[in-house]
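Below: one structure, written as structure tokens.
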Amino acid sequence: MSEKQQNRALVVLLLSSYDSEGVHWDPICQPELSAKMSVITEENFVFQATTALRQEELFPIREVARLTGVNPVTLRAWERRYGLIQPTRTESGHRLYSLGDIEKVRSILAWIERGVAVSKVGKILTKTESVQPVSALISSDLVRADYAQWQQQVAGAVGNFDDIELDRLYGQIFSTYAVPIVFQDILMPVWRQLQQRQQEFGQTSEWVFFDGFLRSRIIQRLLLKREAHSRRVLVVGIVGQCRELELLVTALFVSKAEVGVRVLTIGLPFDELTLVCQKIQPLALVLVSNHAPPPELPKRLNKLAMGLDCPLMLAGDASDLLQDSLAGSSIGCLGNEGTLMHQRLRQLLAGNLDT
């Protein structure tokens, strides 16, 4: 086989890895392939890199997206809008990322998950190369003040029943913060404030308007992810212990664990969940409760777990309250915090976290 044919075969192997689940080419683990290909892009099969580029392994944007979980659109925005990363450009304009760039992307993600707006990450990265607690560099008061500004704008749009302005703010917030921050620290506090003030004239209408807006947006996001997975995690609310929006937010957090998610409407009888799971055959069943659990709930959960052919997990406030009671059982507690929730789910599905 000629060298040109060998190069083509190697590129076909790499490109095919993007179309198969769980099989991805890794230049770090396969140095013999790295020696054959200095740089690979989506549009070109193989081209010889310059002497400077040969000194360091470089990755195309699709590979960086796979390694970090950050989609190409966001990577480009971090470069163009915020100047957070500066990938090398080929003569044809394709972006190529070094291992240092990839580590920087991971650092950016870590700061965003800690509640720092993406627009402020750049200043932090200039001060430190390692990920430290946010409190070491940014006052928690400043972070809360940032959230409060967004909440004030959202509340203003809701008070005016301005769906266009609310949609604009929703998009801005999503482009600035990680999903757990968007809901836990900005949107849901506004939702709860309106819910608690429904006795005041006009507050019920505002709450209904905002509740409907958020539910529709989350459903859209969940539907976009539905087709990517054949088997999904089933997310079900315990009757009387969570509202539909809280159920949907939990499902959105769970979906960040790179699994498919299916949400069933609140109202399913607890005793019929075994039958439902027999029909659907989910990867796991996640029950959601944000109320103080009744004394009999641990016993009912253990009985349910014995009748299931899939893992049973509990999410929401009840998960934290029952963690000690369920220690040593087969039931996984996901907690009520978005980032922790999808991390625990991923570990439980992989069998790497004790229940």
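The values are calculated or read from the model by the stated rules, or taken from the named source; none is laboratory data. Just so it is clear, the model here is predicted, and its values are computed rather than measured. All Cβ positions, glycine included, derive from the backbone under ideal geometry; neighbour counts span all protein chains shown.
Tell me yes or no: at least one residue of region 75-85 is farther than 22 Å from Gly171 by Cα and either assigned by TED's automatic domain parsing to the domain that holds Thr339 or of a type outside the set (Asp, Glu) (or both). Scanning region 75-85, I find at least one residue that is farther than 22 Å from Gly171 by Cα and either assigned by TED's automatic domain parsing to the domain that holds Thr339 or of a type outside the set (Asp, Glu) (or both), so the answer is yes. Of all the listed residues (Arg217, Arg232, Arg221, Arg192), the sole one being within 23 Å of the chain's Cα centre (by Cα), farther than 30 Å from Leu301 by Cβ and modelled with pLDDT of 85 or more is Arg217. Every condition in (1) surrounded by 15 or more Cβ atoms within 10 Å (Cβ to Cβ); (2) over 23 Å from the mean Cα position of the chain (by Cα) holds for Leu345 except the one numbered (2). With the requirement that a residue be in contact (Cβ under 8 Å) with a residue 40 or more places away in the chain and in contact with a helix residue (DSSP H, G or I) (Cβ under 7 Å, 6 or more places away or on another chain), what does region 97-108 give you? Ile102, Val105, listed by residue number. Inside region 169-193, residues that are in contact (Cβ under 8 Å) with a residue 24 or more places away in the chain and farther than 15 Å from Ala148 by Cα make up a count of 4. With respect to Pro294, determine if the residue is assigned to a loop (DSSP other than H, G, I, E, B) and touching a residue at least 24 places away in the same chain (Cβ under 8 Å). For Pro294, the condition - assigned to a loop (DSSP other than H, G, I, E, B) and touching a residue at least 24 places away in the same chain (Cβ under 8 Å) - is not met.
In region 236-251, what residues are part of a helix (DSSP H, G or I) and either outside the structural domain of Ala292 (by TED's automatic domain parsing) or closer than 23 Å to Leu301 by Cβ (or both)? Can you show your working first?
Initial filter on region 236-251 (part of a helix (DSSP H, G or I)): 244-251.
Glu244, Glu246, Leu247, Leu248, Val249, Thr250, Ala251, listed by residue number.
Looking at Gly156, Gly171, which one is loosely packed, with under 14 Cβ neighbours inside 10 Å and either modelled with pLDDT under 85 or closer than 24 Å to Ala77 by Cα (or both)? Give the derivation first.
Working: Gly156 fails: either modelled with pLDDT under 85 or closer than 24 Å to Ala77 by Cα (or both).
Sole residue among the options that is loosely packed, with under 14 Cβ neighbours inside 10 Å and either modelled with pLDDT under 85 or closer than 24 Å to Ala77 by Cα (or both): Gly171.
The residue that is farthest from the chain's Cα centre (by Cα), counting only those in region 140-179 that are closer than 14 Å to Ala117 by Cα and part of a loop (DSSP other than H, G, I, E, B), is Tyr177. If you go through region 35-62 and keep only what is at pLDDT 90 or above and in a helix (DSSP H, G or I), you end up with Ile61, Arg62.
Among the residues of region 183-235, which ones are among the aromatic types (Phe, Trp, Tyr) and surrounded by fewer than 17 Cβ atoms within 10 Å (Cβ to Cβ)? Across region 183-235, the qualifying residue is only Phe201.
Table: residues versus (1) assigned to a helix (DSSP H, G or I); (2) among the small types (Gly, Ala, Ser); (3) under 28 Å from Ile181 (Cβ atoms); (4) touching a Ser or Thr at 6+ places or on another chain (Cβ under 7 Å).
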residue	(1), (2), (3), (4)
Asn290	no, no, yes, no
Lys303	yes, no, no, no
Leu308	no, no, no, yes
Ser325	no, yes, no, no
Ser329	no, yes, no, yes
Leu334	no, no, yes, yes
Leu340	yes, no, yes, no
Gln343	yes, no, yes, no
Leu349	yes, no, yes, no
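Looking at region 221-235, can you tell me whether even one residue there is in a helix (DSSP H, G or I), farther than 19 Å from Ile266 by Cα and in contact with a helix residue (DSSP H, G or I) (Cβ under 6 Å, 6 or more places away or on another chain)? Within region 221-235 (the criterion being in a helix (DSSP H, G or I), farther than 19 Å from Ile266 by Cα and in contact with a helix residue (DSSP H, G or I) (Cβ under 6 Å, 6 or more places away or on another chain)), the answer is yes, since at least one residue qualifies. Met313 fails exactly one of the following numbered conditions: (1) surrounded by fewer than 23 Cβ atoms within 10 Å (Cβ to Cβ); (2) in contact with a helix residue (DSSP H, G or I) (Cβ under 9 Å, 6 or more places away or on another chain). What is the number of that condition? Just one mismatch for Met313, condition (1).
For region 88-129, give me each residue that is among the small types (Gly, Ala, Ser) and either over 19 Å from the mean Cα position of the chain (by Cα) or in a helix (DSSP H, G or I) (or both). Full working, then the answer.
Going residue by residue through region 88-129, those that are among the small types (Gly, Ala, Ser) are 92-93, 98, 100, 107, 110, 115, 117, 119, 122.
Ser92, Gly93, Ser98, Gly100, Ser107, Ala110, Ser119, Gly122 - these are the residues of region 88-129 that are among the small types (Gly, Ala, Ser) and either over 19 Å from the mean Cα position of the chain (by Cα) or in a helix (DSSP H, G or I) (or both).
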